[in-house]
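**Student:** Take this structure first; my questions come after.
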Amino acid sequence: MTPIVIKTIQFFLSLSLLIVLHELGHFIPAKLFKTRVEKFYLFFDVKFSLFKKKIGETVYGIGWLPLGGYVKISGMIDESMDKEQMQQEPKPWEFRSKPSWQRLIIMLGGVTVNFILAVVIFIGLVFTYGEQYIANDSLKDGIWVMEKSLGDELGIQTGDKILSIDGKKVEALQQVLPEMVYGETYTIERDGQVIEKGIPVNFIETLSEDKEKARFIYYRVPFVISAVPKKSPNVDSGLQKGDAVVEMAGKPVEYKDQVIPILEANKGGMVPVKVKRNGELVDLTLNVSEEAALGVALGMTPEEYKEAGYLEQKTLKYSFLESIPAGWNKGVKTLTDYIKGMKKIFNPDTGAYKEVGGFAAIGGMFPDTWNWPAFWATTAFISIILAFMNILPIPALDGGHVMFLLYEMVTGRKPSDKFLEYAQMVGFFLLIGLLLFANGNDLYKWLFK
């Protein structure tokens, strides 16, 4: 299967799971409170259904329009806009006849399930696979800024040691970029000096301009040979696995970032090098391709990196009991980071609104090969998104119903059915506008980027 097909299958599998469980979050408390549920649908059944079957008082089905799903609860102004039912006298089994606290639990059920599902997935992931990360404070000579233009925009250089972001110590190198995207300030150590810098307000927009360059912060890669392929222009140069290049063209080098400009200056030619081999220096002459490459592979094992003092890769293993708080903390942090990102979206100066995406953007989050850990991690993230988006106080979303219920509980006055109908229509048009904007962004990027 092609990558696009694999992504599409994962997208619909994940979406279907999340929608069904979200609606179950409404369905189960409704049943517990003896509220009639007329429909339980995956996707929307505008005009017709792909499948439907009535069991008891509920019709279960699959619609053809994959924009979400719904449960139709008797006596509730919802997506169906069933005005005829609402004009009749309330029945004991209807939503509107139930106490406000029961209606609140029913409406909060979907987002609660979405958040709990994400936490459960995170618990399963950390329990099964643990967590691997490069300890940020173990980096011998700081970070490698792979894209100088982005580094200049941010004010960071190769060799800097990142100490904290927004005053919080950075434990893992992998945290640096995500934390900077959401952060406002960061602290570095450069040449023995501690410097605090501000993160540009439009940093998200800068990153989004070139997705290929977005992951521009990396650890400094020691120029240690791990293999010399048979097709390499230096297969007969005398290079051996384990050789550490310490000098090139008369200049001392240790890392790949120091070697790259020397290769650029000598592409298509030859360059003298010194390598350290078994504690001794060996002189060699290497061929540089027209692409400014030596045709060799670099790398060390995690143990070798640690033994040489370059960096330390840590692996955290969790017992089942330990994985529960770890998964919870991961869920809370994911939600917190997403809220920070949403705040930036509503600030036009950040340019973050340009990154609002629709179905294509969500589908693009999935791996292009079958990778179950990545699939479940992405599903957990989307579940957090659904929980947050659904609790927004917008009529037609769960949060809109919750907002009116809280108003009723505080004031003792219930909004009229006519008001709720109008509010539902306004919310529906707001959602359609957001949907068009998000998917329009996807289309624009596909056509022009």
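**Student:** Among VAL71, PRO348, VAL181, whose Cα sits farthest toward the positive end of the charge dipole of the chain (+1 at Cβ of Lys/Arg, -1 at Cβ of Asp/Glu, about the Cα centre)?
**Tutor:** Farthest towards the positive end: VAL71.
**Student:** Counting only heavy atoms of the protein chains, get the accessible area per residue of the chain (1.4 Å probe) and round it to a whole Å² value.
**Tutor:** Working: 24280 Å² over 449 residues.
Counting only protein heavy atoms, the per-residue value for the chain is 54 Å².
**Student:** Putting +1 on Lys and Arg Cβ atoms and -1 on Asp and Glu Cβ atoms, find which of THR334, SER319, VAL201 reaches farthest to the positive end of the dipole of region 184-339.
**Tutor:** Of the candidates, SER319 comes out farthest on the positive side.
**Student:** Just to be sure I understand the curve: with the Debye formula and one point per C-alpha of region 239-355, what is log10 I(q)/I(0) at q = 0.09, 0.15, 0.22 Å⁻¹?
**Tutor:** The Debye formula, applied to the Cα set alone, gives -0.54, -0.79, -1.23.
**Student:** Here is a further query. Helix-only estimate, please: 222 nm mean residue ellipticity of the chain, summing -39500 (n - 2.57) across DSSP H runs of length 4 or more and dividing by its residues, to the nearest 500.
**Tutor:** About -14500 deg cm²/dmol.
**Student:** Also, I was wondering about something else. In the chain, what percent of the accessible surface is made up of carbon and sulfur (1.4 Å probe, ligands and nucleic acids excluded)?
**Tutor:** Carbon with sulfur: 61 percent of the solvent-accessible area.
**Student:** Please report, in whole Å³, the volume per residue of the convex hull around the C-alpha atoms of region 276-330.
**Tutor:** Per residue, the Cα convex hull of region 276-330 comes to 157 Å³.
**Student:** Once both axes come from the Cα atoms, what is the angle between helix 320-345 and the longest principal axis of the chain, in degrees from 0 to 90, rounded to 10?
**Tutor:** With both axes taken from Cα atoms, the answer is about 90 degrees.
**Student:** On to the next question. Decide, for region 377-445, between rounded, prolate and oblate: order the square roots of the alpha carbon gyration tensor eigenvalues as a ≥ b ≥ c, take rounded if a/c falls under 1.5, and otherwise choose prolate if a/b is larger than b/c, else oblate. Don't skip to the answer; put the middle values down first.
**Tutor:** On the way: a/c = 4.61, a/b = 1.66, b/c = 2.77.
The shape class here is oblate.
**Student:** How big is the dipole moment of the chain about its Cα centre under a simple scheme where the beta carbon of each Lys and Arg is +1, that of each Asp and Glu is -1, and everything else is neutral? Debye, nearest 20, please.
**Tutor:** It works out to roughly 1540 debye.
**Student:** Does anyone have the angle between helix 417-448 and the longest principal axis of the chain? Alpha-carbon axes, 0 to 90°, nearest 10?
**Tutor:** The helix 417-448 is inclined about 20 degrees to the chain.
**Student:** Could you tell me the center-to-center distance, by alpha carbons, between region 265-302 and region 24-75 in angstrom?
**Tutor:** With region 265-302 and region 24-75 each reduced to a Cα centre, they are spaced 65 Å.
**Student:** If you don't mind, there's one more thing I want to ask. Quick one: angle between helix 372-391 and the longest Cα principal axis of the chain, in degrees between 0 and 90, rounded to 10, please.
**Tutor:** Roughly 50 degrees, rounded to the nearest 10.
**Student:** Now a separate question. So which trypsin sites (Lys or Arg not before Pro) in region 84-163 are both in a DSSP loop and have at most 16 other Cβ atoms within 10 Å of their Cβ?
**Tutor:** Working: sites: ARG96, ARG103, LYS140, LYS148, LYS161; in loops: LYS140.
Those that pass, being in a loop and sparsely packed, are LYS140.
**Student:** Where a ≥ b ≥ c are the square roots of the eigenvalues of the C-alpha gyration tensor, would you call region 311-437 rounded, which needs a/c under 1.5, or, failing that, prolate if a/b is larger than b/c, or oblate?
**Tutor:** Prolate is the answer for region 311-437, as a/c is 1.5 or above and a/b outweighs b/c.
**Student:** If you don't mind, another one. Taking the Cα centre of region 199-288 as origin, work out the dipole magnitude from +1 charges on Lys and Arg Cβ and -1 charges on Asp and Glu Cβ, in debye rounded to 20.
**Tutor:** In total the dipole reaches around 280 debye.
**Student:** If R0 is 35 Å, what FRET efficiency do you get for ILE4 and LEU32 from their C-beta distance, rounded to 0.05?
**Tutor:** 0.25
**Student:** How large is the charge dipole for region 1-138, taken about the Cα centre, if only the Cβ atoms of Lys, Arg (+1) and Asp, Glu (-1) carry charge, to the nearest 20 debye?
**Tutor:** About 520 debye.
**Student:** Please work out whether region 25-183 counts as rounded, prolate or oblate from its C-alpha gyration tensor, where a ≥ b ≥ c are the square roots of the eigenvalues and a/c under 1.5 means rounded, while otherwise a/b larger than b/c means prolate and anything else oblate?
**Tutor:** prolate
**Student:** Rank these residues by their accessible area, most exposed first, probe 1.4 Å: PHE359, PHE127, PHE216.
**Tutor:** Solvent-accessible surface, decreasing: PHE127, PHE359, PHE216.
The values are calculated or read from the model by the stated rules, or taken from the named source; none is laboratory data. Everything quoted here is computed from the prediction, not taken from an experiment. Neighbour counts are summed over all protein chains in view; Cβ atoms, including those assigned to glycine, are modelled from backbone coordinates with ideal geometry. Note: areas computed on protein heavy atoms with side chains; ligands, DNA, RNA excluded. Shrake-Rupley method; radii C 1.70, N 1.55, O 1.52, S 1.80 Å.
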